[in-house]
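> Take a look at this one; I'll ask things after.
The values are calculated or read from the model by the stated rules, or taken from the named source; none is laboratory data. What you are looking at is a predicted structure, and each value in this text was computed from that prediction instead of being measured. Cβ sites come from the backbone with ideal geometry, for glycine too, and all protein chains shown count toward neighbours. We work out accessible area using only protein heavy atoms, side chains counted, and drop any ligands, DNA or RNA first. Shrake-Rupley method; radii C 1.70, N 1.55, O 1.52, S 1.80 Å.
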Amino acid sequence: MIGMNETSRPEATSLICWLDDVGATDAARCGHKAAALARLRQAGLPVPDGFVIPVGSPDISAEALTVALDALGGSVAVRSSGVAEDLPDASWAGQYETVLSVQSVDALRDAIATCLASASSDRARAYGDGKTGAMAVLVQKMVPATAAGVAFSANPVTGALDEVVL
């Protein structure tokens, strides 16, 4: 797995849930994106290490964020993880914000606020037919990439299950 030695990581709390923790697979608490990545990581697949700030968590202290950020080391990606995203009838792809290459606690706090605010953006409201959903925030170690992409295990336009779309 990509990441750190688990003994160097701070304990999970009610405000921070590490992807390796069983609780991270709870989509109602951690959003569907984070829960899916937690399941993949816990199955031994190479998912970058990270933690989730669960839905409805109160303001997290700068000290707790510093400890968690230091445990990951280096730059992180801060990603929205909505409870209503990545569902069979609603993907929400591109509706929520992601902030890349975050390196300081102040920048992390700003990125978390950006992700949370994206749940009630005009774009998200339009996609959700006026509704906004509960939002968790996923923070993962940045992976130096030269290319990236998305693969759909079913055709997102036609719904055909026998087609993979990249």
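> Tell me the per residue accessible area of the range 25-82 using a 1.4 Å probe; a whole number in Å² is fine. If you can, show how the numbers build up before the last one.
Details: 2220 Å² over 58 residues.
It amounts to 38 Å² per residue over the range 25-82.
> So how do 133-140, 96-103, 17-24, 57-64 stack up, highest first, on mean other-Cβ count within 10 Å?
133-140, 17-24, 96-103, 57-64
> Now for a separate question. For the pair residue 59/residue 39, report the inter-label distance in nm, with labels modelled 7 Å from Cα in the Cβ direction.
3.6
> Still on this structure, please answer the following. Can you tell me the order of 110-122, 146-158 when each peptide is scored by its average per-residue count of other Cβ atoms within 10 angstrom, highest first? If you can, show how the numbers build up before the last one.
Values: 110-122: 16.8, 146-158: 8.8.
Ranked by mean Cβ neighbours within 10 Å, highest first: 110-122, 146-158.
> How much length would be gained if the chain were fully extended between residue 101 and residue 147, taking 0.36 nm per residue of separation minus their Cα-Cα distance, in nm to one decimal?
15.0 nm
> Let me ask another. Apply 1/(1 + (r/R0)^6) to the Cβ-Cβ distance of residue 160 and residue 117, taking R0 = 45 Å, and write down the FRET efficiency to the nearest 0.05.
0.80
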